[in-house]
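The values are calculated or read from the model by the stated rules, or taken from the named source; none is laboratory data. Bear in mind the structure is a predicted one, so any value in this text is a computation, not a measurement. Note that we place each Cβ from the backbone using ideal geometry, even for glycine, and neighbour counts take in every protein chain shown.
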Amino acid sequence: MKSPVLARLPLPVKLGVPLAAALLAAACSSSSSGTQAGGGASASSSPAAAASGSAAGSSSASTVIKTSAGSTGAFLTDSSGRAVYLWVKDGKNMSACTGSCAGAWPPVTATGMVTASGSAMAADLGTIARSDGTKQVTYDGHPLYYFVGDTGAGQTNGQGSDSFGAKWWLIAPSGAQITSADAAAANGGAPAATTPASPSAGGGWS
């Protein structure tokens with residue numbers, strides 16, 4: 001049954017009402033579809049952007065362990081000549097230095113390859129995984145550390161320290177700890193190397 005209002009309308013108007021309704025429905029459908037498509041593209045682009053940022057932030061630069069020579073011997077340093085140390089409390093390929101210890105004795109970390117230079121031996125280099133996910137460089141099984149008290153190349157102010165309950169020593173190219181306490185000479189020279197600590201000393205191994 002026809003609506004009384006529609007029956008009184010002129011013929012052109014009667015024909016236009018269904019057409020207008022169809023056009024309005026199509027416009028609403030298109031708008032809804034466009035909103036969903038736009039939202040989907042934004043959401044899917046986030047992982048790609050994150051992956052791109054992660055790749056951009058990664059580094060393939062190598063970490064170099066080399067030696068600095070003095071009148072009495074040679075000791076291991078990084079590429080800038082900054083001394084690196086071992087801690088006798090550590091086990092082989094195991095670090096016991098965390099928290100405030102790692103704040104005073106920052107681990108030598110690697111984000112890329114680890115290479116040797118000078119008298120350092122590539123075969124003795126390695127890495128271990130720390131609890132925070134970083135890779136710490138090792139030499140002959142010794143985890144390596146810096147000392148915050150060394151502010152420049154050739155300084156060895158951490159030599160012989162017993163902070164955090166055990167000794168810190170420089171390392172000879174052979175992997176032996178250098179136990180002479182006078183290593184912090186003004187000229188940056190290192191004393192002669194000694195044999196590694198015995199297991200009873202807290203961190204040595206044969």
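The lone criterion from (1) in contact (Cβ under 8 Å) with a residue 60 or more places away in the chain; (2) more than 18 Å from Trp169 (Cα to Cα) left unmet by Ser117 is number (1).
So, restricting to strands (runs of 3 or more DSSP E) that lie completely within the stretch 98-183, which ones have at least 3 residues that are in the same structural domain as Phe75 (by TED's automatic domain parsing) and within 17 Å of Ser68 (Cα to Cα)? Here the list reads 168-171. Summed over the stretch 94-107, residues that are in contact with a Pro (Cβ under 8 Å, 6 or more places away or on another chain) and not hydroxyl-bearing (Ser, Thr, Tyr) total 3. In this entry, Ala153 is excluded by the filter for residues that are among the aliphatic types (A, V, I, L, M) and more than 19 Å from Arg82 (Cα to Cα).
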